[in-house]
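Just so it is clear, none of the values below were taken in a lab; they were calculated from the coordinates. Nothing here was measured: the structure is a model prediction, and the numbers come from that model. Using ideal geometry, Cβ is built from the backbone for each residue, glycine included, and neighbour counts are taken over all protein chains shown.
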Ligand SMILES: [Ca+2]
Ligand SMILES: [Ca+2]
Ligand SMILES: [Ca+2]
Ligand SMILES: [Ca+2]
């Protein structure tokens with residue numbers, strides 16, 4: 001997205017560690033220029049007063065932008081390691097788009113924190129049900145894609161309990177050296193696996209939004225440690241909507 005309004009697309013990324021004293025921040029920006037393949041060195045994304053948009057020691061952040069209060073300015077929303085979602089509203093500044101100093105944790109209408117127990121929430125907002133307001137999709141550490149319908153309005157979201165659009169893989173310890181972990185559910189070779197991120201596009205141009213999912217790696221077993229391991233080969237998957 002173009003965060004500084006100079007008509008060059010900028011690259012935005014989350015970060016692993018969120019300890020400000022170590023110089024880390026939840027969200028980084030790499031400014032783009034005339035050469036579409038080159039970006040400036042990553043800098044922290046700051047709020048309108050120059051603060052780091054950090055809440056509740058969030059780490060392993062995954063940012064996205066969506067206008068969640070329908071005021072014409074994109075808002076910053078990021079997921080974290082614990083599966084929560086944080087929102088900093090967009091505000092105008094001299095540098096272009098900036099964000100409110102105070103963030104909020106996104107909650108259900110009963111005030112409980114909206115959270116994916118599997119962790120590693122990675123938000124994406126789109127009008128998935130076509131009723132005019134933005135709904136929330138998210139991947140998770142265990143994979144899969146989760147859908148939170150917005151039952152409120154474009155100005156004031158109310159989030160329903162999540163539905164599973166794509167099942168996460170289930171890992172259960174069975175004991176025994178030969179098979180320390182059982183991978184159940186869909187064929188692991190044919191479905192996104194560990195640490196999914198999702199976006200939407202009408203990939204086959206049939207007027208229905210499809211899922212495009214990235215994952216981190218393919219899972220396997222380590223017979224020595226009896227731990228599952230990842231081979232660090234991620235894939236990009238397209239799941240067409242029926
Ligand atoms: Ca820019
Ligand atoms: Ca907004
Ligand atoms: Ca909607
Ligand atoms: Ca489609």
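Some points to look at:
- Each of 71, 215 has some number of other Cβ atoms within 10 Å of its Cβ, and from fewest to most they run 71, 215.
- Here the peptides 99-106, 36-43, 86-93, 160-167 are ranked by packing, the mean other Cβ count within 10 Å, and the order with the highest first is 86-93, 99-106, 160-167, 36-43.
- Going from the fewest other Cβ atoms within 10 Å to the most, the residues 1, 30 appear in the order 1, 30.
- Order of 153, 191 - criterion: other Cβ atoms within 10 Å of each residue's Cβ, fewest first: 153, 191
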